[in-house]
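Here is the structure we will look at, set down as structure tokens.
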Amino acid sequence: MATASDINMKNEKGGTFLCEMCGLTESYNYYGCKPPFHKDITFLENCYMMKDPFQSAGTKSFLLLGSECVACKRVVCQASSCSIFYTKRFCLDCARTCIEEFPPEMQKRIGK
């Protein structure tokens with residue numbers, strides 16, 4: 001049986017994304033910070049992205065699936081129950097561990 005680290009092999013040209021918190025699994029088209037299908041965007045972190053399956057081919061629509069936690073390196077999705085972004089991506093476990101490092105408004109979001 002494939003493990004999360006087997007599935008989340010970083011391949012710039014695509015593969016299968018697996019959130020190590022909730023188990024969300026989805027195909028992705030690109031891993032990195034400058035998606036080739038949208039030249040006007042640069043992310044602050046390397047992300048797993050997929051072309052929007054609900055849009056016609058040739059559109060610049062995409063879905064950002066997730067990225068790695070900066071602290072523990074687990075791959076997590078964008079769901080608020082799995083991760084939070086504040087200058088960098090944190091899984092909620094790591095965010096809760098260092099909650100005092102975040103500003104008060106982020107501490108409230110993490111505590112929910």
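The values are calculated or read from the model by the stated rules, or taken from the named source; none is laboratory data. Keep in mind that this is a model prediction, so the values were computed, not measured. FYI the Cβ positions are ideal-geometry reconstructions off the backbone, even for glycines, and counts take in every protein chain you see.
If you go through segment 62-74 and pick out every residue that is exposed (fewer than 13 other Cβ atoms within 10 Å of the Cβ) and assigned to a strand (DSSP E or B), you end up with 0. Of all residues being farther than 27 Å from MET50 by Cα and not in a helix (DSSP H, G or I) in segment 75-112, which is modelled with the lowest pLDDT? Just the residue, please. Filtering first and then ranking leaves LYS112. Taking the stated definitions as given, is SER27 on the phi < 0 side of the Ramachandran plot, of a type outside the set (Asp, Glu), surrounded by fewer than 16 Cβ atoms within 10 Å (Cβ to Cβ) and part of a strand (DSSP E or B)? So SER27 passes the test. Taking the criterion of being more than 13 Å from the chain's Cα centre (by Cα) and at pLDDT below 90, the residues of segment 1-28 that qualify are MET1, ALA2, THR3, ALA4, SER5, ASP6, ILE7, MET9, ASN11, GLU12, LYS13, GLY14. Here THR59 meets each of (1) crowded, with 19+ Cβ neighbours inside 10 Å; (2) within 16 Å of TYR30 (Cβ to Cβ) with one exception, condition (1).
Residues of segment 62-93 that are over 19 Å from SER27 (Cα atoms) and either touching an Asp or Glu at 6+ places or on another chain (Cβ under 8 Å) or hydrophobic (A, V, I, L, M, F, W, C) (or both): CYS69, VAL70, ALA71, CYS72, ILE84, PHE85, LYS88, ARG89, PHE90, CYS91, LEU92. Kindly indicate whether PHE54 is farther than 24 Å from CYS91 by Cα, without any contact (Cβ under 8 Å) to a residue 40 or more places away in the chain and not in a strand (DSSP E or B). Judged against the criteria, PHE54 is a match. Could you grab me the full set of residues in segment 51-69 that are within 11 Å of the chain's Cα centre (by Cα) and among the hydrophobic types (A, V, I, L, M, F, W, C)? Of everything in segment 51-69, those that are within 11 Å of the chain's Cα centre (by Cα) and among the hydrophobic types (A, V, I, L, M, F, W, C) turn out to be LEU63, LEU64, LEU65, CYS69. As a summary of the residue check, PHE54 satisfies the conditions (1) surrounded by fewer than 12 Cβ atoms within 10 Å (Cβ to Cβ); (2) more than 15 Å from SER27 (Cα to Cα); (3) not β-branched (Val, Ile, Thr) except for the one numbered (2).
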